[in-house]
Amino acid sequence: MHNVVRVGFGLAIGFIFAVSPSFAAHGYPRVANVFNSVPTPEQIKLLSKWDLVCLGPTIQETKPEAIDSLRSYNPDIVVIAYFPAGFVWDGWQELGEPAHGYGVKVEQNDWWLYDDRGNPVGESGYLWFTNFTPICHRDASGKRLASWLVDYIADEIISTGLWDGLFIDGLFEDPTWINDFDKFFADPGASIDADGDGHADPPESLSVWWRSAVETFLSELRARIGPSYILIGNGKNYMSQYLNGGVRENFPCMHGGWEANMFSDFGYLTMCRDWLQFPLNCPLLLCYYSNPENTLTEPHRTISYERFLRFTLTSALLGDGYYFIEDSSGDALWWEDYYDLDFGNPLGEARLDSVWSSLYQQYFHVWVRDFENATVYCNPYRQWIPFDDGEWLTPEDGRIIQHSPPCCLSLGLEAVNGVRTFSQKDHRIAYTASVVNGSPNATYFSIWSRLTQRGDTVACGARRTFLIGANDTLKINLALRLLQPLALGTYCLEVFLGTNQFLPLEHDTLYYRRIIDFDKKIHANGDSGEEDILTIYPQPGVSETRTCKIEIFDVRGRRVYAIDRVDLEPSSRIDLGPAQKDGDSPAPGVYFLTMTLGERKITKKIVLLYR
């Protein structure tokens, strides 16, 4: 919390001397949240996970302890207040302070922005623009809106000592864009008339007036509060000498495409490089993902959402600012597993690089930034980029390759239940992997499988990469596809867990073995060797002796052989004995063997042949 000493001389002059703490450098990725509602205790705990949080200033009157709670959960968090300068929210009469006081002052001095028909400019139920120009009316003390607002913000918000800074909305430098939206005008075709002469203002004059007022406001505010407070603006604003950052809202769609929003004078990377660095450089990428099924705590997760998330997040990681994503309707507490990744420090600036594809024997252009523990790829172009590890980067997508191996990962596997029989009509082996991450950081991992027989590889599954959150468990349904029918025999399914480079690491790769019988043929004549014996293996994972019942049925469902009670040991197998040509042995043909364990039945097909 800031230590603030306020010294007043009379009613018109006031000074604020603030001793602000130095902010800890946040790791990467850096994430922010703009939360307009008054948060509940549970929401405060969730909000504390973000690096930077912006709250409505009404909370300083209604629930100031919430800000202290945020800092108690996260001592490094940056908490700033939201305030609209270029407009007043509709319904301000019912809002708390300081929004209400702002609306009262604007109403008293008629500081509303009017059009050339004499109507206020704005939208009922949304907002009303204020006349921020230096030609608006003066109040009783002789101040125009821009100068008065400096004192109001300093006295009503900054002086509380609760905030690390301010996000000033509606701080656009040029208001001529408003003329392009009929929704802001009572009469179609109307235009802004800031000087009140009954005629539409020339765009050039309106731009000069407004820019002059914005610079007056920011220069006086910065002089009043000092350099230790964070100031973030909104809109196309070039006042880099006064601001620590701006908001690229609705990224990457507003004010042009991806390149304009990244590299122009008001672009994200420009703000990261040229705007104020003390006490913190904090440009913000605000991204909207609207879906009627979104909730406060979870987006509606679709393939499109995940791709948009990767694309916008990797765009933010090309610079040193902050990223946040929400529904366009307002508040969201969407914590992504990506936020738990630990990238380490950046090893340089973002660069337009070329990725070589040995598959296509050509280079593909892509934006890249290297970190100590990861490399970030951002593809803003309409091209598909193949990587040599078999992965593809789709258009308007991003990819993060983590260099460090997985930490504290363990793998559980449910491949087949005991001894399972596959017919040669089966084209895939399905299995479920349960991966547990016991570390405080998210991590990428890769999982893949192969089928072997006597040590030889018969089939390989696709290598898949997943992101698992901190202290999380991820269940994955996978399948190993069989490209051709397998020969009769016993096979071993091996599943590997490794890093994103698809290298099995000795300390975190686990080996699982399941026995799979494919259409085992039992011979009814000849020697009593191993291949002539019908064998039942114990179920893997069983640690005690199990009593079971064994029956054999022919293709018409008639029981031809039965053992009502047999003990299945955990470390042994059951040999039903060599098949005989005569006696009680079944005739050659196709049969089904059923083993009953309590209420569970396991059935396999067997083929009985003569030699």
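The values are calculated or read from the model by the stated rules, or taken from the named source; none is laboratory data. As the structure is a prediction and not an experimental result, all values here were calculated from the model. Here the Cβ positions follow ideal geometry from the backbone for every residue, glycine too, while neighbour counts run over all protein chains shown.
The requirement of being assigned to a helix (DSSP H, G or I), in the same structural domain as I168 (by TED's automatic domain parsing) and without any contact (Cβ under 8 Å) to a residue 40 or more places away in the chain is fulfilled somewhere in region 274-294, by at least one residue. If you go through region 51-89 and keep only what is over 19 Å from H26 (Cα atoms) and exposed (fewer than 15 other Cβ atoms within 10 Å of the Cβ), you end up with E61, T62, P64, E65, D68. Within region 301-338, the set of residues being out of contact with any Pro (no Cβ under 8 Å at 6 or more places or on another chain), part of a loop (DSSP other than H, G, I, E, B) and without any contact (Cβ under 8 Å) to a residue 60 or more places away in the chain comprises R301, T302, S329, E336. Scanning region 553-576 for residues that are charged (D, E, K, R), surrounded by 10 or more Cβ atoms within 10 Å (Cβ to Cβ) and at pLDDT 65 or above yields D554, R559, D567, E569. Could you tell me whether any residue of region 206-219 is charged (D, E, K, R) and buried (at least 16 other Cβ atoms within 10 Å of the Cβ)? Looking for residues that are charged (D, E, K, R) and buried (at least 16 other Cβ atoms within 10 Å of the Cβ), one finds at least one in region 206-219, hence yes. On the given criteria, is F217 closer than 23 Å to L127 by Cα, touching a residue at least 24 places away in the same chain (Cβ under 8 Å), outside any helix (DSSP H, G or I) and out of contact with any Pro (no Cβ under 6 Å at 6 or more places or on another chain)? Taking the combined requirement at face value, the residue does not satisfy it. Counting only residues that are out of contact with any strand residue (DSSP E or B) (no Cβ under 9 Å at 6 or more places or on another chain), in contact (Cβ under 8 Å) with a residue 24 or more places away in the chain, more than 23 Å from I232 (Cβ to Cβ) and small (G, A, S), region 119-168 holds 3 of them.
For region 149-161, name all the residues that are part of a helix (DSSP H, G or I), farther than 19 Å from V214 by Cβ and not β-branched (V, I, T).
D155, E156, S159, listed by residue number.
Listed by first and then second residue, the pairs linking a residue in region 184-206 that is in a strand (DSSP E or B) to a residue that is among the polar types (S, T, N, Q), with Cβ atoms under 9 Å apart and 6 or more places separating them unless they lie on different chains, are I192/T176; I192/N179. A count restricted to region 120-148 and to residues that are under 15 Å from G103 (Cβ atoms) and outside any loop (DSSP other than H, G, I, E, B) stands at 8. Of all residues in region 339-357, those being surrounded by 12 or more Cβ atoms within 10 Å (Cβ to Cβ), part of a loop (DSSP other than H, G, I, E, B) and more than 11 Å from the chain's Cα centre (by Cα) number 5.
Filtering region 355-374 to residues that are modelled with pLDDT under 95 and closer than 30 Å to C460 by Cβ leaves V355, W356, S357, S358, L359, Y360, Q361, Q362, Y363, F364, N373, A374.
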